Structures are given as C-alpha cells and as structure tokens.
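**Q** Following this message is one structure expressed as structure tokens.
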Amino acid sequence: MAAFTGAAAVPWLLGEPAGLEPEAIERSRLLNRFARARREDCLAAIEAAGVPVVALKGFASAFQLYPDPDLRVMGDLDLLVRPRDRDRLIALLAAEGYAFQATPTGPWGFTSTASYQPFVSADGAVNLDIHVAPDCAPVPASLSTERVFAEARPLPGCRLAVPGPSPTHAFLLFASNAAKDKFGRWAVKKAIDALLLLRREREAAPEIEWDWLAGTARRGRYLKPLRVFLALLARFGADLSALPAELRRPPGGLAGRELERVLADWAGFFAREEGFGDYLRRELLLTAEPPVVLANNWARLKGLLRPRSGIPEGPPGA
C-alpha cells in the first residue's frame, strides 16, 4: 500500500501501521510537507498576481479528503486556468524560473489538448501541469472549464484562497483520470480518493449530484468508463445502493471479463507486469466508448504525420 499512497497515509487509511517503521512514516510525512509548502509558494505567487486558477487532483484532494494534507503524496501540481489567462500564468512563472520540460511521448507526439508538458520550477521541486480544460477528451464535451470555476469550493485548511473542484466534479475527474491510466497501477490514488469521497458522502450530507453525473457522462460519451470505475470501487467495499441504476450496472461480456483481469491485478498489488496488450484491451473494452476510441486513434494517426510537442507555441519559458 505504501508504494502507491506513501507511508504517511497508510496508518490513517488502514487504522494501523501495517508493519511500517515509524521512521518511514515520519520521513514520508516530512517529504509531503515539503512538497505542499513548495506548491503553496507557487500558488501564493499566482494569487498575488491575480490569475484565477482551480487546483485539481492531488493538491485539492489532500485538503478536501484528508484530516491532514501532509498525509497525501503530492505529485504534479495540477491547475485549471481559463484559456485567456494561460499565457499570463506562463509569463508570471517563467519570470520565477519555471520552464517547460519535454518528456518522452509516443511516435504520435503529445496527444492531450487539455494540458501541456510539465512546467517545472528552477529547483525542480514543483512540477506544474497547466490545464485549460478539466481533462482530456471526451470530458470537455460535457464539462466546461467555466462550469468547474463556477462551482469550485475553497480548500478546507489551506492558507490560500485557491479553490478546488466541487465534489461532483472531483469524482468525475477521479473516474476520467483512472480511465486515462487504463485502470492500472497509476489509478490507485484516484480510486482511494474516490473511496474517501464516497465515505464522506455516506457520513455527511450528500454532495455528489449522481443524476447530473450520469447524464453528463452519457452526453459526453464516457458513461462506460464511469460505470467501470464504480464497479471497481464496489468490489473494494464502496456502497453504491443510492446511485442511479445505470451507474450501478457493471459491464458484461468481454468487458466484464477484462474487468475481472483488472480486479485480479489490483488484488495482487500489480505483481504481474502490465503490457501493451493489457492497455490496448482496456482501451477497447473498458476505458472509452467506440466513437471515442475512433477519435483517439484518429488523433494518433494525425500525430504520426505532425506530432505535437505539448509545449505552447511562443510563450516565455518554452
């Protein structure tokens, strides 16, 4: 578990140290504290300059779902910015020493149209992922950047005014990011955050608008991966009884068999190495509906002819 969540979170998540050395737990917490402080420094500069952003994923989850944000490992600092403010944000941070770093891509180049290559601080401590849409296609077809901004909430306990996504939007993004990770090992933290959000939903006043979520996923053509994600959570203890029937229905046929393979990998803590064949089957059967699969592969084909770098053209720091 510590390999996926970091040692600091394990005692709180499991209710016991689970055999971890106290030194490992404390070291993990200190590293998380350092990462949080550096990310808050970045956000303080953005806030002082008056550039509106919404924190997504790990940074937001640490404050929204954990009793102490330093329990959660923070990877990239994912920030949603309106497209019209993108270059102002880049110029601001470029003056502080941030620069884009090209990371390896497939032969078709950088395919995301929602975000860019990492924008990294001069000391390498902050890896910023700038988003101009909540997530990759097909999510923007039914969830706009403006809607995420309009429904964003303050982060509890955060010293800054930066907001995070609403519970409904956060859950949708947990599911879409897990699907983007092909429900593999990198999806574990998203699943844990989703389980924590569901637990809070059960213990407090309901906040997730399930009917809206189902309709939005249906319109955006990502109902299948949302249902797969929920089926995965259900197998690990989530109570889905209050959800609309179309969200509770697990996939059947070939998709159902592929889900069982995914579940076996999760139950075995990914002892088996995932290969290209696994990712291909999951994309075809679990992570995307047919029109989306076609659109993704068309984008890859175009990328073979003209690969995108994933770095915005012309801004400072490129």
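Derivation of every value follows stated rules applied to the coordinates shown; laboratory data play no part. Because the structure is a prediction, the values reported are computed rather than measured. Cβ: placed from backbone, ideal geometry, glycine included. Neighbour counts: every protein chain shown.
**Q** How would Met1, Met74 line up from fewest to most surrounding beta-carbon atoms within 10 angstrom?
**A** Starting with the residue having the fewest Cβ neighbours, the order is Met1, Met74.
**Q** Something else about it: Going by the alpha-carbon gyration tensor, a ≥ b ≥ c the square roots of its eigenvalues, is region 225-298 rounded (a/c under 1.5) or, if a/c is not under 1.5, prolate (a/b greater than b/c) versus oblate?
**A** oblate
**Q** For region 117-173, what is the convex hull volume of its Cα atoms per residue in Å³?
**A** Dividing the Cα hull volume of region 117-173 by its residue count gives 110 Å³.
**Q** Here's a follow-up. Residue by residue through region 171-177, which ³J(HN,Hα) values in whole Hz follow from phi under the Karplus form 6.51 cos²θ - 1.76 cosθ + 1.60 (θ = phi - 60°), with glycine and proline marked x?
**A** Per residue, the Karplus-derived 3J(HN,Hα) values read 5, 4, 6, 4, 5, 5, 6 Hz.
**Q** Among the lysines in region 166-306, how many pairs, 8 or more places apart or on different chains, have alpha carbons under 21 Å apart?
**A** 8
**Q** Of the chain, which part is the longest with no GluC sites (Glu not before Pro) in a loop (DSSP not H, G, I, E, B) and with at most 10 other C-beta atoms within 10 angstrom?
**A** Answer - 1-272.
**Q** Then there's this: In terms of modelled amide H atoms, which long-range or inter-chain residues lie less than 5 Å from the amide H of Leu77?
**A** Residues meeting the criterion, in which the H sits 1.01 Å from N, are Asn127, Leu128, Asp129.
**Q** Output the antiparallel fraction of DSSP beta bridges having both residues in region 1-165, as a percent to the nearest 5.
**A** 75
**Q** Hey, got the dipole for the chain? About the Cα centre, +1 on K and R Cβ, -1 on D and E Cβ, debye to the nearest 20?
**A** Using Cβ point charges on Lys, Arg, Asp and Glu, the chain gives about 880 debye.
**Q** Taking a ≥ b ≥ c as the square roots of the eigenvalues of the Cα gyration tensor of the chain, is the shape rounded (a/c under 1.5), prolate (a/b larger than b/c) or oblate?
**A** Rounded is the answer for the chain, as its axis ratio a/c remains below 1.5.
**Q** Same structure again: Going by how many other Cβ atoms sit within 10 Å of their own, how do Val10, Val54 line up, fewest first?
**A** Ascending number of Cβ neighbours within 10 Å: Val10, Val54.
**Q** Determine ³J(HN,Hα), in whole Hz, for all residues of region 186-200 in sequence, where each value follows from phi through the Karplus function 6.51 cos²θ - 1.76 cosθ + 1.60 and θ = phi - 60°; x replaces Gly and Pro.
**A** For region 186-200, the Karplus curve yields 6, 8, 4, 5, 5, 5, 5, 4, 5, 5, 5, 5, 5, 5, 5 Hz.
**Q** With a ≥ b ≥ c taken as the square roots of the eigenvalues of the C-alpha gyration tensor of region 55-180, please select rounded if a/c is under 1.5 and otherwise prolate if a/b is larger than b/c or oblate if it is not?
**A** Because its axes are fairly even, with a/c under 1.5, region 55-180 counts as rounded.
**Q** What are the ³J(HN,Hα) couplings of region 84-93, residue after residue, when phi is run through the Karplus curve with 6.51, -1.76, 1.60 and θ = phi - 60°? Round to Hz, x for glycine and proline.
**A** Each residue of region 84-93 in turn: 5, 9, 4, 5, 5, 5, 5, 5, 4, 7 Hz.
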